[in-house]
Structures are given as structure tokens and as C-alpha cells.
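Peer 1: Below are the C-alpha cells for one structure; questions will follow.
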Amino acid sequence: MIGPMTTARAAARWLARLEDLTRPEPRELARGLAERWASLPAGVRTTQQSIGRRTAGCEATQGVFPRCNMACTPCYLGPEANRVRTDGAHTRGEVERQMAQLRDRRGPWQNVQLIGGEVTLLGPEEHAAALERMVAAQRKPMSMTHGDIDDDYLTRLALRPDGTRRFKRLMFAAHFDSLMRGRRGAERPADEAALHRHRAQFVARFARLRRDHGVSSYLAHNMTVTPANLEQIPDLLRSCARQGWRMFSFQPAAFQGNPRRWKEPYRELSADVVWSRIEAGVGARLPYRSVQVGDPRCNRSSQGAFVGDRWIPLLDDRDPRDLRARDAVFLTLGGLNWEVRPALAAARCVRALARRPAMIPVAAGWAARMVRRAGGPGALARGGFRPVTFVLHRFMDAEDVRPAWALLERGQLSDQPRLRETQERLLGCSYHMAHPDTGRLVPACAQHAVYDGPAHRRLAGLMPARADASADG
Ligand code: SF4
């Protein structure tokens, strides 16, 4: 018999669950963000720093499928990577272990890249199984590919064998640049323009996936930059920025990985030089000082949207009212996860605003400025609002990272300016890989420079690739 006490207890449990569900920032995330903030070097704990406030930082897998079937120049994978067979069972097991560690250390719903060699060397079922494990560990997975895939693979990834929808949304980062070798239809592209058609085809596959199966997508375009293709960035962006990509990420080449794939004497490209080429292609100033991710010597980013042909920033770093809006968002909406059912996102938002109602006029002022920047309501209605973010990520050379990391391992800071800078950047890193055996999180630069080689050699012994399966070493 159900008495009043039982009913009251059930109601209390339900209310507690509701309270938890609609909490703007889950408790474990609040703890993860606070720990991240405390772990940052003092120099990057600035008002614009988003790590520890909005995000715990980016995450990625390592050693889960090292092999790749293209040959990029340069390639951050060592020569051992292609001696390892791609093995679904290994990928599933490792993804599970690494995601558990990340969930434990950083709390829920952080962005993580399913990365290694080429993800589509996994069959679609194995690829889907890895993504499902990442979602189960409350991560937001993004698959990193060279982009040479076809509709059938994508459909089998997005749908179950019985035709029902497996994922509502897929996130992909696709690497396209003229330094890559082996793409079908563009084995040795002469320049970036030779790949524009392939970029468009990649985006179109996802448009079809949405049209035919209701699976939406978030697509990021990744490009390695060297002196050989630097001056082609403006044309690339003029031709492709409106294709449907949500992010363009540019990575100046660093001396990491396989020395046999370093085909040219790269000079160091400064952030300002690359950023100026991106701005030339977008046709707008890209403000990047309002929000920082990690160390400014590693990362720049500018969020905004195309309204018609014009790109406008979400935050103008020269407008103090926008900077106040940023501060208010960090304080009020902090780690709020928007990528949930709209009703749930709205409930979380209402609770956050109820706690800090001063945010409401700040948000209204920002929205009014955005409409003005767009050219008014008419321009928005005519031109639409297509969000696109531009990112610059400068990996560091292995010859700097190895000694800098070795000293950090001994708890020492270097007196040499270059090594000291490397150490500071490693300590403020925004992009980590999990190491479940040791419980450590390792910056991607250290992962590639120090840990990938031994890990891949060990895996090559355990899971050797067939002799005919290797791309060049
Ligand atoms: S991976 Fe390297 S370049 Fe990227 S944020 Fe970390 S330390 Fe900086």
C-alpha cells in the first residue's frame, strides 16, 4: 500500500532529480572547471581566459587507431604508426578507458576528438561504437578524418543496420590541404584550388545525410599551413567559407612526427602573418582578444557569423560593452551545456538568469549591437545568419618540446627563453590526451613528441599491420 510518506519521498526524489537536471552547471563540471582554472599558470588566468570558466579544454584520443592511408607532408604521426593494424576491439577498449579518465577528471560534456590515424579505416560499425562510448562517457565527440569518404560509409555510420537513426548529429573535422598525398581524384594536388571541389563534395555529403535521414552535422575544416600554401589562404576562404563549414582551423606546420615527411625547410610562420591571410580571405577584421583558449602563443580564435557575404564578430574586442557581456556570460552561463533538448536548455538558462538577473539587460544590449553590426533586421532577414569560427593553432616543434617536457617532469623550469616559453605553453595547454595507465593528462605537443613513438612501437608488436596495408613510412 502506498502511504503519504512514500509519496512524499518519491516527490522529493523527483524534485531532486529535476534540480540536478536543470542545474546550469553540473556539480562535477563546476569541480572540473575550478581544478582547471587552478592548474593554469598565473599568466594565462586572464579575464578573457575561457578554460576553467566556459570549458575544461579540448580532449583527444591517442593510440586508438594510429594508421593512416594518406601521406601528408608533414605528418605528425611517427613512422611506426602505419605498422599498427586498425582494430575495432582495441579502439573500443582504449576509447572506453581514456573517456572514463577524462570524465572523472574533467566532468561531463567536454569536446573530444576521435583522432589518431584515419578514423574511417575503422568500419562504420566500429566507428559508431567508438562514438557511442564517448557519448556514454558524457563527451561531445568529433571524428577527425582526411575527408576522402563516401555517402555509403556516412549513412552506415549514422544509421543502424535496420535503418533507424543512430545519431541525431555528427561532428567531423576534415583535414584538407595541398600538402596531402593520396586523395581519390586529387592524388597530388598542385594547389589549394585543386581541392575546392573536394571540400564542397564533403560538405554536400552531410547535407544529403540531413535531407535523407534527418542527421545534422557540425563540420570543421583543418588545414596545415606552410610557406607553400600560406598565400593561398585568402582564395581558399573566398571560395569555401560559405560552403557550410562551421569552423576553419589553420595549423602552421611544426616539426613533429615523421622526419621523412618533412619535405621543405619550413620557416616559422608567425601568428600575425597567418592571421592576416585569414582576415584577407574573410574580408573582415577577426577580433581574437575577447576570448582566449589556453595560451595566446598557441591559440587564437574568433567567433562570428556570415550575414549575406559579410562576416560579423560575436564579440568586438575593442568595444568595452562587448567585453562586459563576455564577463557576464562567463559568470552567469559558465559551463552551461546548450546542446540538449531546447526545453532543457531553456530551463537551465532561466535558472541561471534568475540567479543573476543583471545578465538580462547586458544580453539585450549585446543582441541589439549584433543586429546593428549585421546591418539591421532587414539585412538579417535577407542574408541569414550562418555561424563560422576561425581558429589558429600553433603546435610546437618536437626538438623544443622534448627537453622542455623532460625538465617539467623533473619539476624544473628552464632559464633558456625558448625552452621556458615552450614550458609555459605546455603548462597552459588547452588540448590534452588521457593516459589511463598513469592517470595523467598530457598536452598533444608532448604526446606527439614524446609518447607516440614508444606507444606505436608497442602496438605494432601487439597488432602488426599486414605488409600490404601500409602507406609509406
Ligand atoms: S597542444 Fe601544444 S600548441 Fe596546442 S595548446 Fe597544447 S601546448 Fe599549445
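Peer 1: Return the residues of region 387-408 that are under 15 Å from ALA241 (Cα atoms) and buried (at least 16 other Cβ atoms within 10 Å of the Cβ); say none if nothing qualifies.
Peer 2: Residues of region 387-408 under 15 Å from ALA241 (Cα atoms): 387-391.
Result: VAL388, THR389, PHE390, VAL391.
Peer 1: Next up: Being part of a loop (DSSP other than H, G, I, E, B) and within 13 Å of the ligand (Cβ to nearest atom) is the filter here, so list the residues in region 419-468 that pass it.
Peer 2: Residues of region 419-468 that are part of a loop (DSSP other than H, G, I, E, B), as a first pass: 428-430, 436-439, 463, 465-466.
Matches in region 419-468: GLY428, CYS429, SER430.
Peer 1: Could you tell me whether any residue of region 384-391 is within 16 Å of the ligand (Cβ to nearest atom) and closer than 29 Å to ILE278 by Cβ? Spell out the reasoning first.
Peer 2: Taking region 384-391 first, the residues within 16 Å of the ligand (Cβ to nearest atom) are 391.
Next, from what is left, pick out any that are closer than 29 Å to ILE278 by Cβ: 391.
Yes; the residues of region 384-391 include at least one that is within 16 Å of the ligand (Cβ to nearest atom) and closer than 29 Å to ILE278 by Cβ.
Peer 1: Would you check if ARG440 is farther than 30 Å from LEU33 by Cβ and basic (Lys, Arg)?
Peer 2: On the way: farther than 30 Å from LEU33 by Cβ: no; basic (Lys, Arg): yes.
No; evaluated as a whole, the condition is false for this residue.
Peer 1: Looking at (1) in contact with a Pro (Cβ under 9 Å, 6 or more places away or on another chain); (2) without any contact (Cβ under 8 Å) to a residue 60 or more places away in the chain; (3) closer than 24 Å to PRO443 by Cα; (4) part of a helix (DSSP H, G or I), can you tell me which one GLY93 breaks?
Peer 2: It fails just one condition, (1).
Peer 1: So, one more: Is it fair to say SER249 is at pLDDT 95 or above, more than 23 Å from LEU195 (Cβ to Cβ) and surrounded by 18 or more Cβ atoms within 10 Å (Cβ to Cβ)?
Peer 2: No.
Peer 1: If you go through region 300-307 one residue at a time, do you hit one that is in contact with a strand residue (DSSP E or B) (Cβ under 6 Å, 6 or more places away or on another chain), within 16 Å of the ligand (Cβ to nearest atom) and modelled with pLDDT of 95 or more? Walk me through it before giving the result.
Peer 2: Kept after step one, since they are in contact with a strand residue (DSSP E or B) (Cβ under 6 Å, 6 or more places away or on another chain), are these residues of region 300-307: 300-306.
The next check asks that each one be within 16 Å of the ligand (Cβ to nearest atom); those that pass are 300-301.
The next check asks that each one be modelled with pLDDT of 95 or more; those that pass are 300-301.
For region 300-307, residues in contact with a strand residue (DSSP E or B) (Cβ under 6 Å, 6 or more places away or on another chain), within 16 Å of the ligand (Cβ to nearest atom) and modelled with pLDDT of 95 or more: present.
Peer 1: Residue by residue through region 192-228, note down the ones that are in a loop (DSSP other than H, G, I, E, B) and either exposed (fewer than 14 other Cβ atoms within 10 Å of the Cβ) or modelled with pLDDT under 95 (or both).
Peer 2: Matches in region 192-228: GLY214, THR226, PRO227, ALA228.
Peer 1: If only one of GLY281, GLY257 is outside any strand (DSSP E or B) and within 16 Å of the ligand (Cβ to nearest atom), which one is it?
Peer 2: GLY257
Peer 1: Can you tell me which residue within region 113-129, out of those that are surrounded by 22 or more Cβ atoms within 10 Å (Cβ to Cβ) and of a type in the set (Gly, Ala, Ser), is farthest from HIS146 (Cα to Cα)?
Peer 2: GLY116
Peer 1: Only one of (1) touching a residue at least 40 places away in the same chain (Cβ under 8 Å); (2) within 23 Å of the chain's Cα centre (by Cα); (3) away from the ligand (no atom under 16 Å from the Cβ) is not met by ARG297, so which one is it?
Peer 2: Among (1) touching a residue at least 40 places away in the same chain (Cβ under 8 Å); (2) within 23 Å of the chain's Cα centre (by Cα); (3) away from the ligand (no atom under 16 Å from the Cβ), the lone unmet condition for ARG297 is (3).
Peer 1: While we're here: Check region 120-138 and report whether any residue there is touching a residue at least 40 places away in the same chain (Cβ under 8 Å) and within 22 Å of VAL450 (Cα to Cα).
Peer 2: Restricting attention to region 120-138, the residues satisfying the condition of being touching a residue at least 40 places away in the same chain (Cβ under 8 Å) are 121-122, 129-130, 133, 137.
From what's left, within 22 Å of VAL450 (Cα to Cα): none.
Scanning region 120-138 turns up no residue that is touching a residue at least 40 places away in the same chain (Cβ under 8 Å) and within 22 Å of VAL450 (Cα to Cα).
The values are calculated or read from the model by the stated rules, or taken from the named source; none is laboratory data. From a predicted model like this one, the values you see are computed outputs, not experimental measurements. All Cβ positions, glycine included, derive from the backbone under ideal geometry; neighbour counts span all protein chains shown.
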